[in-house]
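Input: a single structure, listed below in structure tokens.
The values are calculated or read from the model by the stated rules, or taken from the named source; none is laboratory data. Here the structure is a predicted model, which is why all the values come from computation and not from measurement. Every residue, glycine as well, gets a Cβ built from its backbone with ideal geometry; the counts of neighbours run over all protein chains shown.
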Amino acid sequence: MSSPNPEPSPNRRTNGASVTYRYRVTAEPEVSVLSRVLELFVIRDALPSRVTSEVVEGHEPVQEIEVDVGGLEDRMARHLSVRIQQFPAVHTVSMRQRQKFDRCSRFNI
């Protein structure tokens, strides 16, 4: 007796690639902005695979933050983007999907 094939999760591609979301945030260069952004992922038990933060000097300095995180359903990923945008110090938020290939699946023929 064979077991039925499980449904692929919404954040998992059938070709061995998983989806990682990249968030790009520009905000006022305030001390608490980075921790507030990361807190949203912590609350949902989502561990970012990459985080960068840089203050870009110019006429009006801004803080640029990038966060890569996998393991989120598409709906939750969009919701987090909306939540980040609601922070008073945040100017812009963009989010896009990136495919990340599993090492063992990369060369399957």
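Checking Arg103, Arg22 one by one, the residue that is at pLDDT 95 or above and among the basic types (Lys, Arg) is Arg22 and no other. One residue stands out in segment 17-37 among those that are part of a strand (DSSP E or B) and basic (Lys, Arg): the one that is farthest from the chain's Cα centre (by Cα), namely Arg24. Annotation note: Cβ proximity below 9 Å between a residue of segment 20-32 that is farther than 21 Å from Leu47 by Cβ and a residue that is among the β-branched types (Val, Ile, Thr) and surrounded by fewer than 14 Cβ atoms within 10 Å (Cβ to Cβ) (sequence gap 6+ or interchain) occurs for Thr26/Val56; Thr26/Thr92; Ala27/Thr92; Pro29/Val55; Pro29/Val56.
When the residues of segment 87-100 are narrowed to those that are modelled with pLDDT of 70 or more and either more than 12 Å from the chain's Cα centre (by Cα) or of a type in the set (S, T, N, Q) (or both), which ends up surrounded by the most Cβ atoms within 10 Å (Cβ to Cβ)?
Per the criteria, the residue is Val90.
State all residues of segment 65-80 that are buried (at least 17 other Cβ atoms within 10 Å of the Cβ), over 8 Å from the mean Cα position of the chain (by Cα) and part of a helix (DSSP H, G or I); if no residue qualifies, say none. Leu80, the sole residue that qualifies. State whether the residues of segment 76-86 include one that is under 12 Å from Thr26 (Cα atoms) and either modelled with pLDDT of 95 or more or among the charged types (D, E, K, R) (or both). There is at least one residue in segment 76-86 that is under 12 Å from Thr26 (Cα atoms) and either modelled with pLDDT of 95 or more or among the charged types (D, E, K, R) (or both).
When segment 78-104 is filtered for residues that are within 16 Å of Arg22 (Cα to Cα) and without any contact (Cβ under 8 Å) to a residue 60 or more places away in the chain, the ones remaining, listed by number, are Arg78, His79, Leu80, Ser81, Val82, Arg83, Gln85. Any chance you could count how many residues in segment 39-61 are in contact with a Ser or Thr (Cβ under 8 Å, 6 or more places away or on another chain) and either part of a loop (DSSP other than H, G, I, E, B) or surrounded by 15 or more Cβ atoms within 10 Å (Cβ to Cβ) (or both)? Total meeting the criteria: 0.
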